[in-house]
Amino acid sequence: MTAEAPARRRSLARDHDFRALWAGDAFGQLGAQLAMLAIPVLAVNTLAATAWEMGALTAAESAAFLLIGLPAGAWVDRLRKRRVLIGADLVRATVLAAVVACALTDTLTMPILYAAALVMSCATVFFDVAHQSYVPSLVGLDHVVEGNAKLQATASVAQVAGPALGGQLLRFVSAGAVVGVNVVTYLLSIVFVSRIRAVEELPPREDRKPILHEIREGLAFVLHQPLLVRMVACTSIGNLGWSVISALETLFVLRVLGLSPAALGTALSAASVGGLLGALVGERAARLVGEARLIPVSALAMVAPGVLVPLAGVLPWPPMISLVVGLGLTFFSMVVYNIATVSFRQRLCPPRLLGRMNASVRFIVWGSMPVGGLLGGWLGAWLGVVPALWVGVVISAASTLPVVLSPLVTMTTLPRYEEQPVEQAAPQTS
């Protein structure tokens, strides 16, 4: 019997609990992609949002990672991850239902969108921290790369299907109605995640420490891992640059390039094929290049295609080509980078610290995003949309330095938790 167990786990597609998580994640990702298209279009076309207002909206969508990112990790470590995932999806569905109601009754305003984005970002903080902390315990450390690759593949498929579906829907219905479809996808996510059978073992209550102590413990782990610090710095600076670009992307496509919302959805969908390919080759690329060296290689590969976005309006071919190629190659490299870095930190961290470690990482790497959103809005209003996009590209290029100028370039394998000395695996918590 024991000899057959590894064969049954050779593919996580055969594991009931992972399938339930996988299906729930698929619907959640699809809905998120619809919202990422529909809400900015709603702001630009219905509410006539300015560059500054779009920057503020982008900032609100990720502000919670700065506001509650650190305590969220300590709370998640005390809770059952399955319940956190369900609760976060329920909050997001409820908030989006309120947005739909306001849009249908002509009472929607930018402050309402800001508030909705902020509440949703709070729910997303808990969802993302719980989700990344749940995978290792659900599938085992030996399967985290496979699990992350499958989840990244699902996210990439959603990035392909979501904008395409949203773009087609926008031909016939309002952006508010498209947001309503997102409500349904979050409810379906709840249904599937509820089917997970595994019951987590929570740490004994007597082992809990004051929450500030546990927050320091998670931060200490991240800051005492030299390779992890470099990856976190790269991701944080990169997110700052891409948030500048994201804040102005819808304005750029709809107003500067003069394309339709349906064309925007088609461009994002076609570009997301690159992300899907990245998810499919992520494991193979790690074996071919080396899991450590793949990180600086994929970080560098994200930079060059990004210049095609601000050049889309001046190059001697249709702007759609520049958008699709530039974003597609960037998404490909970004997904490969994410698979490598997320799998590394999941295998490096002691299980009891996973929630706090992921929250600490998210606090740093996503905390730069609201800053980037506000910076993009301010630069767009001051310099103009296209010059502001170039600033985002330059910041993204600078983000590669921490991993390119590091030992990762000459390494092939990465350390993992089992290989860490006790004192390194559990940093000082005094």
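Details
- All of 290, 241 fail the test of being farther than 14 Å from residue 337 by Cα and either touching a Ser or Thr at 6+ places or on another chain (Cβ under 6 Å) or charged (D, E, K, R) (or both), apart from 241.
- Hits in the range 154-186 (condition: at pLDDT below 75 and open to solvent by 20 Å² or more (accessible area, probe 1.4 Å)): 157, 159, 160, 161, 164, 168, 170, 171, 172, 173, 174
- Matching residues in the range 315-345 - criterion: being polar (S, T, N, Q) and touching a Cys at 6+ places or on another chain (Cβ under 9 Å): 341
- Counted residues, the range 334-370 - those being closer than 24 Å to residue 305 by Cβ and either open to solvent by 30 Å² or more (accessible area, probe 1.4 Å) or touching a Phe, Trp or Tyr at 6+ places or on another chain (Cβ under 7 Å) (or both): 4
- Residue among 256, 309, 297 that is within 21 Å of the chain's Cα centre (by Cα) and in contact (Cβ under 8 Å) with a residue 12 or more places away in the chain: 309
- Qualifying position, being farther than 28 Å from residue 340 by Cβ, open to solvent by less than 40 Å² (accessible area, probe 1.4 Å), touching a residue at least 12 places away in the same chain (Cβ under 8 Å) and of a type in the set (Ser, Thr, Tyr), among 250, 266: 250
- Scanning the range 104-118 for residues that are open to solvent by 50 Å² or more (accessible area, probe 1.4 Å) and either touching a strand residue (DSSP E or B) at 6+ places or on another chain (Cβ under 9 Å) or assigned to a helix (DSSP H, G or I) (or both) turns up 104, 111, 112, 114, 115, 118.
- Which listed residue, of 365, 361, 325, is within 30 Å of residue 149 (Cβ to Cβ) and over 17 Å from the mean Cα position of the chain (by Cα): 325
- In summary, helices (runs of 4 or more DSSP H) completely within the range 13-98 and bearing 1 or more residues that are open to solvent by 40 Å² or more (accessible area, probe 1.4 Å) and touching a helix residue (DSSP H, G or I) at 6+ places or on another chain (Cβ under 6 Å) occur at 16-41, 51-62, 64-67.
- Filter result for residue 58 (touching a Ser or Thr at 6+ places or on another chain (Cβ under 7 Å), at pLDDT 80 or above and farther than 30 Å from residue 351 by Cα): yes
- When residue 90 is tested against the conditions (1) over 18 Å from residue 196 (Cα atoms); (2) modelled with pLDDT of 80 or more; (3) of a type in the set (A, V, I, L, M, F, W, C), the lone failure is (1).
- Within the set 147, 140, the sole residue that is modelled with pLDDT under 80 and open to solvent by less than 10 Å² (accessible area, probe 1.4 Å) turns out to be 147.
The values are calculated or read from the model by the stated rules, or taken from the named source; none is laboratory data. Since this is a predicted model, take the numbers as computed values, not measurements. Positions of Cβ are backbone-derived with ideal geometry, glycine not excepted, and every protein chain shown enters the neighbour counts. Calculation scope for accessible area: heavy atoms of the full protein, side chains included, ligands and nucleic acids excluded. Shrake-Rupley method; radii C 1.70, N 1.55, O 1.52, S 1.80 Å.
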